[in-house]
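Notes for the one structure printed next.
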Amino acid sequence: MMVKDRLIKMGLLSLVVLSLSLIDQWLKQVGTLASQIGKHWGPINFVWYENPGIAFSINLPSPIAIGLVIILLIILIRLFWLYRGGFGLYLIGLLLVISGGFSNLIDKLRFGFVRDFVAIGWLPIFNFADIMIFIGLIMIIINISYGGRKQKV
């Protein structure tokens with residue numbers, strides 16, 4: 001890979017992850033305020049939940065949870081770096097998962113828990129980072145299932 005391509009890829013990763021993480025951190029602030037005054041928007045209720053665990057509130061000791069998230073982020077960044085295809089579902093999916101994981105890691109390091117604030121019906125309470133991770137994983141799965149045969153990883 002040429003130096004120019006590496007710089008573009010590093011810039012893309014940095015810009016997207018920082019931008020989406022900042023948006024998520026801002027939304028968590030807004031969600032915190034909305035939950036304190038009991039706001040709701042149609043079927044969406046804003047509630048405050050301190051998630052001490054990892055995905056699906058799986059409770060692990062904080063150092064183990066942080067270590068697992070860091071290892072997963074390193075693996076995902078490596079997959080992003082090794083990707084040689086065009087700008088498609090797989091790449092966008094990786095960027096979303098990395099961004100969501102990074103933002104939730106910021107919460108875990110700052111507060112010892114992840115701030116969740118959106119409640120819809122029977123769904124678990126979640127935040128924007130969780131949405132990015134979920135949609136990113138769906139995009140990766142779709143790409144691997146239907147379009148991955150044509151691209152190199």
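Restricting attention to the range 117-135, does a residue exist that is of a type in the set (Phe, Trp, Tyr), within 25 Å of residue 63 (Cα to Cα) and over 14 Å from the mean Cα position of the chain (by Cα)? Yes - at least one qualifying residue is present in the range 117-135.
Taken over the range 56-95, residues that are crowded, with 16+ Cβ neighbours inside 10 Å and free of Cβ contacts under 8 Å to residues at least 24 places away in the same chain amount to 1.
Condition check ((1) within 19 Å of the chain's Cα centre (by Cα); (2) part of a loop (DSSP other than H, G, I, E, B)) across all residues:
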| residue | (1), (2) |
| --- | --- |
| 27 | yes, no |
| 30 | yes, no |
| 35 | no, no |
| 38 | no, yes |
| 47 | no, no |
| 53 | yes, yes |
| 59 | yes, yes |
| 65 | yes, no |
| 70 | yes, no |
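Might you let me know whether the range 121-134 holds any residue that is more than 22 Å from residue 66 (Cα to Cα), touching a strand residue (DSSP E or B) at 6+ places or on another chain (Cβ under 7 Å) and outside any helix (DSSP H, G or I)? No: zero hits. Checking each residue in the range 1-40 for being of a type in the set (D, E, K, R), surrounded by 12 or more Cβ atoms within 10 Å (Cβ to Cβ) and either in contact with a strand residue (DSSP E or B) (Cβ under 8 Å, 6 or more places away or on another chain) or modelled with pLDDT under 90 (or both) picks out 9, 28, 39. Restricting attention to the range 132-153, the residues that are surrounded by 14 or more Cβ atoms within 10 Å (Cβ to Cβ) and at pLDDT below 85 total 2. What about residue 107, is it surrounded by fewer than 21 Cβ atoms within 10 Å (Cβ to Cβ), of a type in the set (Asp, Glu) and in a helix (DSSP H, G or I)? Spelling it out, residue 107 is indeed surrounded by fewer than 21 Cβ atoms within 10 Å (Cβ to Cβ), of a type in the set (Asp, Glu) and in a helix (DSSP H, G or I).
The values are calculated or read from the model by the stated rules, or taken from the named source; none is laboratory data. Computed from a prediction, not measured in an experiment: that's the story for all the values here. Glycine also receives a Cβ, built like all others from the backbone with ideal geometry; neighbour counts cover every protein chain displayed.
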